[in-house]
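The values are calculated or read from the model by the stated rules, or taken from the named source; none is laboratory data. Small disclaimer: the values here were computed from a predicted structure and weren't measured. Note that each Cβ is placed from the backbone with ideal geometry, even for glycine, and that neighbours are counted across all protein chains shown. The accessibility values were calculated without ligands, DNA or RNA, using every heavy atom of the protein model including side chains. Shrake-Rupley method; radii C 1.70, N 1.55, O 1.52, S 1.80 Å.
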Amino acid sequence: MRTREFGVLSLFVAVITVGVLVLAACQAKAEDIQGLLQAAEGKEVIITTNDGKTVRVTVDDQMLKEARSLVGGEVSLKFRADDRRGLEVRRVGEDQKFSGMIQSMTADTWVIGGKTFKVTAATVLDGGLVNGALARVEFVTMPDGAMLATEIETDREQEHFAAPLGSISSSSVTLNGKTFRVNAATRIESGIAPGTPVRVKFTVLPDGSMVAIEVEREQAQDRLNGAVQSVSGDMWTVGGKAFKINEATRLEPGLTAGVNARVRFIAMADGTMVATRIQVDKSGPNGAKKEDEISGKVESIGENAWMIGGKTIKVNPATRIEEGLAVGESARVRFITAPDGSMLATRVEADMSGKQREEQFRQERQREQEQQRGREQETERQRQQEQERIRSMEQEREQDRQREQERERERSRERGASSLPVLSSIVQFVSADSVVVGGKTFKVNAATELKPGVAVGKEANVRFAVMPNGSMVALQIEIEKPEAQKPEDRPKDRSSVAFPVLEGTIQSLSADTVVIGGKAFKVNAASEVKPGLALGGNAKVRFVTMADGSMLATQVEPELPRQADRQADRQADRQADRQEDRQADRQADRQADRQADRQADRQADRLGRTSGLLPVMAGSVQSIAGDTVKVNGNTFKINAATEVKPGVAAGANVNVRFVVLPDGSMLAAQVEVEKAEAQRAGDRAGDRSGPGGRGAEPRLDGVIQAIGADTIVVGGQVVKVNTATELKPGLAVGTEARVRFSVRPDGTMLATQIEREADARGREAEARGREAEGEGARGREAEARGRAAEGEGPRGREAEIGDDRGGDRGGGDDRGGGSGGGGGSGSSGSGK
């Protein structure tokens, strides 16, 4: 006998926030059932629910492939109610579910069992959901921690009632005198009418009324009686019909060729018949008598017949014969009488006493239980192996995804690091969620890139973003000069760093604390403790004050015991301190110069190579004063750092690159006159040739540093989003993005579109390619005109040469005339 085995496995489904909302939209017209997967053949899957109902659903090739591996197990199937088309099939056990009493219901929020769930138009609601009713919720947890309900259904024990449909209206259905309430959540199969056999799934409310959850046609499995003709693997022939057998088919013991059997089956769309149950037909064919029983001594044993108690009993391969029976022993025979009067044994066993029979039954039962446990253990082992394989694959995929995300974040940080404000100073405190640098407290989270070597007492650079509430989130922390770089600039010892110093007697000394001059100083792995320290001795300690007021020693060293040495040492220390002060001043000056240079370089980078990191507003100058400029009704502040290009005046068309300050005002970083039309043609092709004229809006390019429910931080700028914001696919923290936005009256930036920078550049490249094709055509026309001009060139040069020769001849004639004149004059002279 084959036993139906239930395995609870999981088919993993990846969900992202936008993907969850899309799936929820699809579920609004979907149904979800649970039961035993009987078959998956010929584009169809067949499921028998726990209440005995059979459901068939059409699936695609991919889902059919997945379903075949799940035959015989408990599954959950989601399908479209209107066309019975499968959407998803998975093993039971992975959905997030919760049950409790409904305490309150509003348009977008339900409180169930003390938990608050968001409800949208995509949430599937069951019938019978009222305050005080028990409900079961399927939900997903959003990135902000909110729980979004995808389905809410009645959790009371659901009952079924089947009968021809009496009447149906918008508020109730009637079956055989029973009235069931219906509402907008009741699922009613299309095409049913009074008189149609239907099955109603319903729940009873506290007031005793019955609310229909589902109304659909009653479906029954087909049946066939006949002799088993052949048994071959997964195909059986019974009564001349071929049936497919799978793990979900229930087979009764004693079924072999020649035995009459009853088959319950389902006809698939491709004509295949899948057996759900095959059992011995004990009633016999053509109305034969039911099974009888006789007892007697075994007189003879033959291959096809036994003689027992003077009667001839036929046997066949389906007859169950107890081992060890021999001639002369008492036996008990169960048999059926065939239409020809012969007796066909279904079972032959020793005729034992009650106790013997009970002991034999107990032993057989024990053997069956051991076999069942063995099968269950093997199934569990296979299930665990499959789960381990799936977990291993998921872990590998997750590791690959994390590595790729880390590489993308590293590339994005490198591209967008120059757009972030930087603070350089001494690290004073480090914890799991915050760091204090130069007296400023910065939050640290999983996205913070903490470079090696960062520790208390080190000089570090902090790149950070200012959040709307004024707090600062560190995005990158690295030491100012790693020890592997610029060794000639590294201080010889810690005294070169301007820490406060205290001298006094050592009063207490332990592994993590030293008390000097009545003050306690913490000591850790970063503290430099020099040899020679002892209780009662004099020591010098350099320290930093932590955020909680405690003092951390950065260096502890003993003082010389002799007064002269101490005086000399103090003199040397004062001289060294003065030298350090001068050196610190010079270093501070150099650092200020370097900081100014870096700031200027960063500003140049922002305004030059990476100008796209700042938002841009294009328009006409309405007015310009000493500290403000007004463009298109927007007022921008101007200070000494603002780069105002030549030609900026009232009425000029300009581009303003700006930053939004924490108080909501806008500070102009650069104001320049728009380029000539020919120069800006390429820019317009990339920036202003979008559908709906999106390029005319201000634009911000940068790395996504944080994503919230209604805000997004890009390139250090906080931009608000709402339901009208167009969010393109692929957006995630660390991704380089392009934001088009509008500036609201309160100075905040509201995003109208956010997309990946790579996608935007791809469209621009495509536009430039089309423009280049047009330029190529114009270039070919110019080349043809050039060749024509080359043909005209020789004739022009010949004409030019002819003109030159004519000029030469004309010059000769002039000279001849002159000579003749001279001769005439001579002749006249001679005559005189």
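Subtracting the Cα-Cα distance from 0.36 nm times the residue separation, let me have the gained length for K443 to R763 in nm, one decimal.
Length difference between fully extended and current span is 111.4 nm.
How far apart, in nm, are two points set 7 Å out from the Cα along the Cα-to-Cβ line at V648 and at M472?
Taking the simple label geometry, V648 and M472 are separated by 2.8 nm.
Roughly what would the spin-label model give for E293 and R187, points 7 Å off Cα along C-beta, in nm?
4.7 nm
So which GluC sites (Glu not before Pro) in the stretch 128-177 pass both tests, a DSSP loop state and at most 11 other Cβ atoms within 10 Å of the Cβ?
Hits after loop and neighbour filter: E157.
Listed here are the pairs K440/K519; K645/K728; K53/K178; K440/K645; which of them are more than 28 Å apart at the Cα?
From K440/K519; K645/K728; K53/K178; K440/K645, over 28 Å: K645/K728; K440/K645.
Within the stretch 418-444, what residues put their amide N at less than 13 Å from the label point 7 Å along the Cα-to-Cβ vector of L667?
Counting backbone N atoms under 13 Å from the label point, the list is 421-422.
How much solvent-accessible surface does W306 expose, in Å² to the nearest 10, with a 1.4 Å probe and all protein chains in place?
About 20 Å², ignoring ligands and nucleic acids.
How do the peptides 192-204, 742-754 rank, highest first, by the average count of neighbouring beta carbon atoms within 10 Å per residue?
The packing order, highest mean first, is 192-204, 742-754.
Could you sort K540, K311 by accessible area so the largest value comes first, with the probe set to 1.4 Å?
If we order K540, K311 from most to least accessible, we get K311, K540.
Is the stretch 172-261 rounded, prolate or oblate when judged by the Cα gyration tensor, a ≥ b ≥ c being the square roots of its eigenvalues, rounded requiring a/c under 1.5 and prolate requiring a/b larger than b/c?
Prolate, because a/c is 1.5 or more and a/b exceeds b/c.
Grab the beta carbon distance between R136 and L731, set R0 = 30 Å, and tell me the FRET efficiency rounded to 0.05.
0.35
What full-extension length gain, to one decimal in nm, is calculated for T54 and T256 as 0.36 nm per residue of separation minus the Cα-Cα distance?
The span from T54 to T256 would gain 70.0 nm if fully extended.
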